[in-house]
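Enquirer: Structure below; questions to follow.
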Amino acid sequence: MLIGYARVSTAAQDLTVQQRRLLELGVTEDRIYVDHGLTGTNRARPGLEQALAACREGDQLVVPKLDRLARSVPDARSICDQLTSDGIVLNLGGSVHDPKDPVGRLLFNALAMVAEFEADLIKLRTREGMALARERGRLKGRKPKLSPRQEAHLVKLFKEGEHSVAELAELFGVARATVYRAVERSMESGV
């Protein structure tokens, strides 16, 4: 049986091309598992876990490209080793990977290295872009959950001691960590 897996990193991306390719490779629509908006560097992906769980000995896990399966050499090897030990064949865009073939292993590792390199380049470009935006004053971080006036009121109520942190968090519609940070900021500023 053919089990397909497709992944895109952001919610804005589309899976259509990958799903179409999987259908062309013989995977039925009901056997395609997807992860939408999850990076390949994160191994905890529900769609991947479902695809791996659906595979039985003798089945093929079909992915359009190796970088859709993993974005690091250790992760790609780990998944491949798991598949091999379970008697499942890995199909990369129509090419069946044979882990016993030295040339196949070499090509697999080279593809995994390229996928990891691409992920590293994306991170580098993102950091550079954020630094440039910060330099130009366009990247200022997240908007605060509380206005200065709300934060002052929250701190005042906290210092009065009549409300617990959990109550204040619920009252202001924020997480408890936000309450703790507001109190900490007020102590640092001496208010």
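Enquirer: I'd like to check something: does the stretch 142-158 contain any residue that is aliphatic (A, V, I, L, M), under 28 Å from the mean Cα position of the chain (by Cα) and on the phi < 0 side of the Ramachandran plot?
Expert: no
Enquirer: Looking only at the stretch 130-140, count every residue that is more than 20 Å from the chain's Cα centre (by Cα), in a helix (DSSP H, G or I) and surrounded by 11 or more Cβ atoms within 10 Å (Cβ to Cβ) and tell me the total. It would help to see each step written out before you state the result.
Expert: Here is the first cut: in the stretch 130-140, the ones more than 20 Å from the chain's Cα centre (by Cα) are 131-140.
Next, only the ones that are in a helix (DSSP H, G or I) stay: 131-135.
Remaining after also requiring surrounded by 11 or more Cβ atoms within 10 Å (Cβ to Cβ): 131-134.
Of the residues in that region, 4 qualify.
Enquirer: Yes or no: the stretch 71-78 includes at least one residue that is surrounded by 14 or more Cβ atoms within 10 Å (Cβ to Cβ), under 19 Å from the mean Cα position of the chain (by Cα) and part of a loop (DSSP other than H, G, I, E, B). Lay out the reasoning, then the answer.
Expert: Within the stretch 71-78, the first condition is being surrounded by 14 or more Cβ atoms within 10 Å (Cβ to Cβ), and the residues that meet it are 71-73, 75-77.
Those still in the list that are under 19 Å from the mean Cα position of the chain (by Cα) too: 71-73, 75-77.
Applying the additional criterion that residues be part of a loop (DSSP other than H, G, I, E, B) yields 71-72.
Looking through the stretch 71-78, at least one residue is surrounded by 14 or more Cβ atoms within 10 Å (Cβ to Cβ), under 19 Å from the mean Cα position of the chain (by Cα) and part of a loop (DSSP other than H, G, I, E, B).
Enquirer: Check whether at least one residue in the stretch 105-117 is in contact with a helix residue (DSSP H, G or I) (Cβ under 7 Å, 6 or more places away or on another chain), within 27 Å of THR10 (Cα to Cα) and polar (S, T, N, Q), and report yes or no.
Expert: There is at least one residue in the stretch 105-117 that is in contact with a helix residue (DSSP H, G or I) (Cβ under 7 Å, 6 or more places away or on another chain), within 27 Å of THR10 (Cα to Cα) and polar (S, T, N, Q).
Enquirer: Is there any pair with a first residue in the stretch 29-51 that is in the same structural domain as VAL73 (by TED's automatic domain parsing) and part of a helix (DSSP H, G or I) and a second that is surrounded by fewer than 16 Cβ atoms within 10 Å (Cβ to Cβ) and modelled with pLDDT under 85 whose Cβ atoms are under 7 Å apart and which are 6 or more apart or on different chains, and what are they?
Expert: Short answer, once both residue conditions are applied: none.
Enquirer: Okay, next question. Determine the pairs where a residue that is under 23 Å from CYS55 (Cα atoms), located within the stretch 1-21, has a partner that is among the small types (Gly, Ala, Ser) and surrounded by 12 or more Cβ atoms within 10 Å (Cβ to Cβ) with Cβ atoms under 6 Å apart, the partner being 6 or more residues away or on another chain.
Expert: Once the first residue is under 23 Å from CYS55 (Cα atoms) and sits in the stretch 1-21, its partners that are among the small types (Gly, Ala, Ser) and surrounded by 12 or more Cβ atoms within 10 Å (Cβ to Cβ) give LEU2/GLY26; ILE3/ALA51; ILE3/ALA54; TYR5/ALA51; LEU15/ALA6; GLN18/ALA6; GLN19/ALA6.
Enquirer: Would you point out the residue of the stretch 97-121, among those that are in contact with a Gly (Cβ under 9 Å, 6 or more places away or on another chain) and hydrophobic (A, V, I, L, M, F, W, C), that is farthest from LYS65 (Cα to Cα)?
Expert: The first filter runs over the stretch 97-121 and keeps only residues in contact with a Gly (Cβ under 9 Å, 6 or more places away or on another chain), leaving 97-98, 115, 119.
In the following step, the residues that additionally are hydrophobic (A, V, I, L, M, F, W, C) were identified as 115, 119.
Numbers: ALA115: 10, ALA119: 14 Å.
So the residue we want is ALA119.
Enquirer: Find the residue count for the stretch 89-129, including only residues that are among the β-branched types (Val, Ile, Thr) and assigned to a helix (DSSP H, G or I). Walk me through how you get there before you give the answer.
Expert: In the first step, residues of the stretch 89-129 are kept if they are among the β-branched types (Val, Ile, Thr); the result is 89, 96, 103, 114, 122, 126.
This time we only want the ones that are assigned to a helix (DSSP H, G or I), so: 103, 114, 122, 126.
Residues meeting the conditions: 4.
The values are calculated or read from the model by the stated rules, or taken from the named source; none is laboratory data. The structure presented is a predicted model; accordingly, all values stated were derived computationally and were not measured. Backbone-built Cβ (ideal geometry, glycine too); neighbour counts: all protein chains shown.
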